[in-house]
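Each value in this text was obtained by applying a stated rule to the coordinates, not by laboratory testing. As the structure is a prediction and not an experimental result, all values here were calculated from the model. Here Cβ is always computed from backbone atoms with ideal geometry, including for glycine, and neighbour counts include all displayed protein chains.
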Amino acid sequence: MRDQMRKLIVGNWKMNGTSRDVSEIIAIAELSGMHAAVDAALCLPATLIDRASQAAGGFAIGGQDCHMMEAGAHTGCLSAEMLLDAGAVLTIIGHSERRAAQHEQDSDIRAKAEAAQVAGLQVIVCVGETLDERESKKALNVVLGQLHQSLPETAASQWLSVAYEPVWAIGTGRVADTNDVAEMHGAMRAALVERFGEDGRKIRILYGGSMNGDNAAQLLAVPNVDGGLIGGASLTAAKFRPILSAAAALSK
């Protein structure tokens, strides 16, 4: 039997947020402090990381990507060390929107995850299938293949979480059926245990497909769903509150 893990609820603000939204970040940080049994974080645009980490002291602020190199001729990119220097303590790697729009490959994601871990950042590696892949019965093979190819060989629960994000459910309002979520998270757990042994039981698997206040309790209760990677519902404290509350209720 696997011990109950603390739920991890991470907001991904994507390309949203300016200085006028710092007050909302502070409100979310204060809200998370009221749910001591839940780990929470916000992954913000790089322009907000420094201000947010100072304004919401002690609350986990993260980035949304990093480069695999420490420095160099990579215009417009940010290294893991730069994120850490700005105040980040974690970063998302391999989000489906970057896989699709920036054509990131599993090998790129693996190298970025390794760089982030070396720099001292917590890492969330994302995997997920498209609607075509699900409808053609390829979902499990696609996701497990991404999981195998995107994770470093020495991955460990102390710094790594993974997020299952069915691409067709991101920002669409569509949510995967709980049976499908259970099947996918169970298969991912088995793959993590096979690869990393007992530590694979401790790596948190987040669900990342249109989780919100209305469905969080149901999704977070699914076996092997150890938290959520939240998009639009993380932009305000009012929308984030019921998700944190659902996670806290399941942690009692």
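Side notes on the structure shown:
- When GluC sites (Glu not before Pro) are flagged only if DSSP places them in a loop and at most 14 other Cβ atoms lie within 10 Å, the longest unflagged stretch of the chain comes out as 154-252.
- Summed side-chain charge close to E135 - residues other than E135 whose Cβ falls under 14 Å, Lys, Arg +1, Asp, Glu -1: -1
- Based on C-alpha pairs under 8 angstrom that are at least 6 apart in sequence, the chain has a relative contact order of 22 percent.
- Reach of K7 by Cα under 15 Å, taken over aspartates and glutamates that are not fewer than 8 positions away in the same chain: D39, D226
- Sum of -39500 (n - 2.57) over DSSP H runs of 4+, divided by residues of the chain (222 nm, nearest 500): -12500 deg cm²/dmol
- Entry for P(r) over Cα pairs in 10 Å bins from 0, in percent (calculated from the structure that is shown) out of [x] 6, 20, 18, 13, 11, 9, 7, 5, 4, 3, 2, 1, 0; [y] 8, 34, 39, 18, 2; [z] 7, 31, 36, 20, 5, 0: [y]
- Partners for K14 among lysines (Cα-Cα distance below 21 Å; same-chain residues under 8 apart left out): K112, K239
- Centre separation in Å (Cα based) which lies between the stretch 133-174 and the stretch 180-219: 10 Å
- A cut-off under 12 angstrom between Cβ atoms defines the neighbours of Q122, and their net charge, with Lys, Arg +1 and Asp, Glu -1, is 0.
- Radius 14 Å from Cβ of G228, net charge of other residues (Lys, Arg +1; Asp, Glu -1): +1
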